[in-house]
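Read-outs throughout are calculated quantities, based only on the coordinates presented, and are distinct from any laboratory measurement. This one's a predicted model, so the numbers in the text were calculated from it and none came from an experiment. Cβ atoms come from the backbone with ideal geometry, glycine included; neighbour counts cover every protein chain shown.
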Amino acid sequence: MLAPVAGSTAAWADSPQHVRSTFSSEETVPAGQLCDFTYHNDFTLITNAVIFPDGTEIDQDVIHATHTNEDTGFKLTETDYFSLQFRAGQVKEVGIQWHLRNADGKLLVVHAGNIVFSDTTGDVVSFTPNTNPDFGAVICPALGGHPAS
């Protein structure tokens, strides 16, 4: 049996904490709100987070998702790998934001780079050229439609 060493409690409290979590969800967005068709998304997010004593957090994330045009039944799947860095009033996402494949496994859309968001408003502060922070502008055409106007 292991016992804490005298004085080690304070050192542990000042050390980074490692948190692992998995979250699954789904959503259906009616036609006209995101795309000109009914959009459905099932996803699982796997997060490995390191939280530092000063509140800085770095997450290594993997998302497995299925995107569906409910009007046609057309589906795209993706697995994205990225990190999130939470610090100084901003959230920076770095990695693969889009990696969409059709049922045959053909890669149709790839976006990678970084996007910086305000952590208070969610507004995009900056992004690299091969990323598009407009979700509808990417997913709606990829599923055979258009963004809602």
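Structure above, values below:
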read-out: Local net charge near Cys140, Cβ-Cβ under 13 Å (Lys/Arg +1, Asp/Glu -1); value: -4
read-out: The chain: projected area of the alpha-carbon convex hull, averaged over directions, in nm²; value: 12.0
read-out: From phi via Karplus (6.51, -1.76, 1.60), per-residue ³J(HN,Hα) for region 133-138 in Hz, x at Gly/Pro; value: x, 8, 3, x, 5, 9
read-out: Distance between region 62-88 and region 103-134 - C-alpha centres, whole angstrom; value: 11
read-out: Ordering of 17-23, 113-119, 35-41 by packing [mean C-beta count within 10 Å, highest first]; value: 35-41, 113-119, 17-23
read-out: Net charge of neighbours whose Cβ lies under 11 Å from the Cβ of Thr28, counting Lys and Arg as +1 and Asp and Glu as -1; value: -4
read-out: Simple spin-label estimate for Ser15 and Asn41 in nanometres, 7 Å along Cα-Cβ; value: 3.7
